[in-house]
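All remarks here apply to the structure that follows.
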């Protein structure tokens, strides 16, 4: 099976949430300067690039990333392509029960990964989030840096998902993919005691089967 | 299939290479201090914990991590358990051709992941590295922070592997696993222009089949 990288490359200039510290990459040692090998240092926030939110990101009594069930990192995911919506609502989700892992592809996937932050990105409404929880979804993926609209009063979208231990993957690069069920692997950095972590994510190119 | 995490948890106090900057984790915002959500910042070297070496780590004209073929992150791997050796030599590798991905489990797997750095860890000799290259191995994994003995003169082990575009995964946690062929997924952080990157790695628990 061919695996397609759906992760944002991490480098200086990558888009970050307004107010977040920028990604930093610097030389620790360089062969060109006489060192025995090249080693670098990186600094970034736990919600940089393609990343996973743990419940503790928004729920102060919630689970931290290393306390979540890692079995949800593996398996099939239903990708739903909604190119024409400004917000994903429950009405966009059809009547069939949603599977364990759902990825939402929207017009966000046409945005550059290192452009200015786009406040009008497409996100999930509270009723879409509630529908995911009611259907037993354990992982929700979206194609911009937040699953919720920018500055949503009350942060309902996050609270509904994270308050119900749904893992949220933000910043997926889903350009070119059609609605369908795909093998999907998303592995976060193994940070201890964290509210989230950058991830590497791949989708398998098995043919459309939904 | 059940997936077993074979990655070192990343947190303050984790073992690092002598002289490398320690792993740092700090609060960026905390709900308990009035913020809307919990966000953290991390700093670490590209060779912290379970990580991948790109050729550029030791070869100044070599490929950087994002230039490597990501198909080697997926598939089966042969795990070879060598509990009684002080160094892995070509003579320990049998006569059958080695497959595309090989993991070496040694007594290193009994060491704690946050203990003092152990200079007498088990590593690969140059002749074992040469054998891997000759057999067409594309990924070599080991269970301590380097594939080469500590302060190896000339760094032959690294040069033979990285100079031939073999990806090296260091710091795997292979305790409890027996010799056999296993599904193995190892996904590095998608750092651009890097000499290496921390990874998350899992082994599938399909029955011994070698």
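Summary table
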| quantity | calculated |
| --- | --- |
| Shape parameters for segment A:116-210, alpha-carbon atoms, Rg then Dmax in Å | 14.1, 40 |
| Residue-averaged beta-carbon neighbours from other chains (10 angstrom radius) around A:194-201 | 6 |
| Teacher prompt: residue B:118 distances to equivalent labels in other copies, 7 Å Cα→Cβ, nm | 5.0 |
| For segment B:77-153, alpha-carbon Rg over 2.2 N^0.38 Å | 1.06 |
| Label 7 Å beyond Cα on the Cβ vector: residue B:95 copy-to-copy distances, nm | 6.8 |
| Tail beyond 21 Å, pair distance distribution of segment B:33-132 (Cα, percent) | 54 |
| Packing-based exposure ordering (other Cβ within 10 Å, fewest first) of A:138, A:63, A:175 | A:175, A:63, A:138 |
| Gyration tensor (alpha-carbon) shape descriptor, the protein assembly as shown, a/c threshold 1.5 | prolate |
| Reference-scaled alpha-carbon Rg (2.2 N^0.38 Å with N residues) for chain B | 1.04 |
| For B:113, B:39, order by how many other beta-carbon atoms lie within 10 Å, fewest first | B:113, B:39 |
| Exam field: residue A:36 pseudo-label spacings to other copies (7 Å along Cα-Cβ), nanometres | 4.9 |
| Prolate/oblate/rounded call for segment B:128-176, Cα gyration tensor, a/c under 1.5 rounded | oblate |
| Antiparallel DSSP beta bridges within segment A:51-210, percent to nearest 5 | 55 |
| Protection proxy ranking, peptides A:116-127, A:159-170, B:3-14, average beta carbon neighbours within 10 Å, highest first | A:159-170, B:3-14, A:116-127 |
| Shape of segment A:1-43, Cα gyration tensor, a/c cut at 1.5 | oblate |
| Potential lengthening between residue A:26 and residue A:206 on full extension [0.36 nm per residue; Cα-Cα distance subtracted] | 60.9 nm |
| Counting DSSP beta bridges with both ends in the protein assembly as shown, the antiparallel % (nearest 5) | 65 |
| Distance (nanometres) between label positions extended 7 Å along Cα→Cβ at residue B:178 and residue A:151 | 6.1 |
| Between segment B:54-96 and segment B:98-163, the Cα center-to-center distance that results, in Å | 7 |
| Calculated Rg and Dmax of segment A:1-79 using C-alpha coordinates, Å | 17.2, 50 |
| Chain B - mean residue ellipticity at 222 nm from DSSP helices (-39,500 (n - 2.57) per run, n ≥ 4, rounded to 500) | -2000 deg cm²/dmol |
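Read the figures in this text as sums done on the coordinates, not as results from a lab. Owing to the predicted nature of the structure, the values given are computational and were not obtained by experimental measurement. Cβ atoms come from the backbone with ideal geometry, glycine included; neighbour counts cover every protein chain shown.
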